[in-house]
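Worksheet: the structure to be examined is printed underneath.
The values are calculated or read from the model by the stated rules, or taken from the named source; none is laboratory data. Worth saying up front: this structure is predicted, and the values here are computed from it rather than measured. FYI the Cβ positions are ideal-geometry reconstructions off the backbone, even for glycines, and counts take in every protein chain you see. Accessible surface areas use protein heavy atoms only, side chains included; no ligands, DNA or RNA. Shrake-Rupley method; radii C 1.70, N 1.55, O 1.52, S 1.80 Å.
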Amino acid sequence: MLSIIDKYILKRYLATFAAMLGMFIPIGIVIDVSEKVNKMIENKVPLLEIAIYYYHFTIYFANSLFPIFLFLSIIWFTSKLANNTEIIAVLSSGISFTRFLRPYIIGASLISVFVLIMGFYVVPASSEGFNNFRYTYLKGGGKEAMRGDNTDVYRQINDNEFLYVNSFNSASKVAFNFALEKFDKEKLVSKVTASRIKWNPEDSTYTMYDYNKRTVGVLSDKIEKMPEKKTKFSFDLEDLTPVVYIAETLSLKNLYQFIDKEKKRGSSNINVYMVVLYKKYSVPVSAFILTIIAVSVSYKKRRGGMGMNLTIGIAIAFGYVFFDKIFGTLAEKSTFSPLLAVWFPNIIFGILAIFLLRNAKR
């Protein structure tokens, strides 16, 4: 059962966190509007789409900066408790520091579960809406930039087939210098080439131009040539170059399926997708770590008052974000382990939390 002091601290914990979100999200929206209003007017963006964009922006922004908001809110209200000598009264009554932490841990648990569920089901949809708007209306050449590098695409589409295109136009659904190789173990069975291949949405077929198929035989090869050939394939050309933020837009189940498919295809962006997956689990855990650090830093009444606690808190919060961004980028751009990169900030700050907690107990 929760005691009166538990309910008091838990209420302050959740209320201050909600107030912090309510204070900073409008500021973020105002800053974003001031930066992008010229582009919106220039591109004649409908008012309804702008409203939907800022709905998605609110969720995306809150999820991205959730650790900082949580950390600063705990620093803020715990420092106020310390300045009012309320914490001294609680600890002087015989309650241990570990027992004093209980409502904080309960609060962190509630927020972690909420963030976890949001990250699995709600944030992906908002990420898609947020990024689609940016690439459609706010970025120059956004439609092409959404697909990243569309040149020299080489993918494994199943266990036996490998596909190559020199370039791919996502708007016209046309790929150039197409080649499809089929193997039996390590032996080439057939190779299909075409100067151009076009998707036909009306009947879900592909038209190949300057079609050439070579079937490898025991004594001689069989060659088939046609100026134009229509056929069906099991792959989708758009899957060859998925949008650069595709992993952020998928629910948990779909993300696992997508990563499994991309691994089989030998995708060069697999580390980017793994970073997104691991962050879905690491960010909620950070709530516990940052809660312990925040309480350990701010529970004492300092000579500098609340300002000193906030200064220390901001330095630690931005240190966490710095490590998170640096190692996330390192994993995406190199062979560094995505699992280690995503969890490294939690490991480092987890050690710091243990150290501060031990000192606080003394």
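Points to keep in mind about this one:
- Cα-only Debye scattering, the stretch 238-362: base-10 log of I(q)/I(0) at q = 0.09, 0.18, 0.19 Å⁻¹: -0.35, -0.94, -1.00
- Built from the Cα atoms of the stretch 199-274, the convex hull projects on average onto 7.7 nm², one quarter of its surface area.
- For D210, the accessible surface of its heavy atoms amounts to roughly 100 Å² (probe 1.4 Å, protein chains only, rounded to the nearest 10).
- Over the chain, DSSP H runs of length four or greater, each weighted -39,500 (n - 2.57), average out per residue to a 222 nm ellipticity of -20000 deg cm²/dmol.
- Equivalent ellipsoid semi-axes - Cα gyration tensor, the chain, angstrom: 54, 24, 15
- Volume per residue of the C-alpha convex hull in the stretch 272-321, rounded to whole Å³: 62 Å³
- Nearest-20 debye value, the chain charge dipole, Cβ charges on Lys, Arg, Asp, Glu: 1220 debye
- Average accessible surface area per residue within the chain, 1.4 Å rolling probe, Å²: 53 Å²
- Sites excluded, GluC sites (Glu not before Pro) in DSSP loops with at most 12 other C-beta within 10 Å, longest stretch of the chain: 1-185
- Residue-level accessible surface for K173, protein heavy atoms, 1.4 Å, Å²: 60 Å²
- FRET efficiency for I314 and K187, using Cβ-Cβ distance with R0 set to 56 Å, rounded to 0.05: 0.35
- Here's the list of lysines a cross-link from K301 could span, going by alpha-carbon distance under 16 Å and ignoring same-chain residues fewer than 8 apart: K80, K361.
- Listed by chain and number, the lysines placed with their C-alpha closer than 21 angstrom to that of K280 are K253, K261, K263, K325, K333; residues fewer than eight positions away on the same chain are left out.
- Rounded, prolate or oblate (a/c below 1.5 giving rounded, otherwise prolate when a/b exceeds b/c) for the stretch 39-193 by Cα gyration tensor: oblate
- Residues of type lysines that K44 reaches as a straight line, Cα spacing below 28 Å, ignoring anything fewer than 8 places off in the same chain: K36, K139, K143, K173
- At least 18 Å along the helix axis (C-alpha) and Kyte average at least 0.0, DSSP helices within the chain: 4-42, 47-64, 66-83, 102-117, 270-298, 305-333, 338-361
- Taken over the C-alpha atoms, the stretch 152-241 has Rg and Dmax values of 13.1, 44 angstrom.
- With every protein chain in place, the stretch 152-241: carbon and sulfur % of accessible area (1.4 Å): 47 percent
- In Hz, Karplus ³J(HN,Hα) per residue of the stretch 176-190 (6.51, -1.76, 1.60; θ = phi - 60°; x = Gly, Pro): 10, 6, 7, 9, 10, 10, 10, 10, 10, 6, 10, 9, 5, 9, 7
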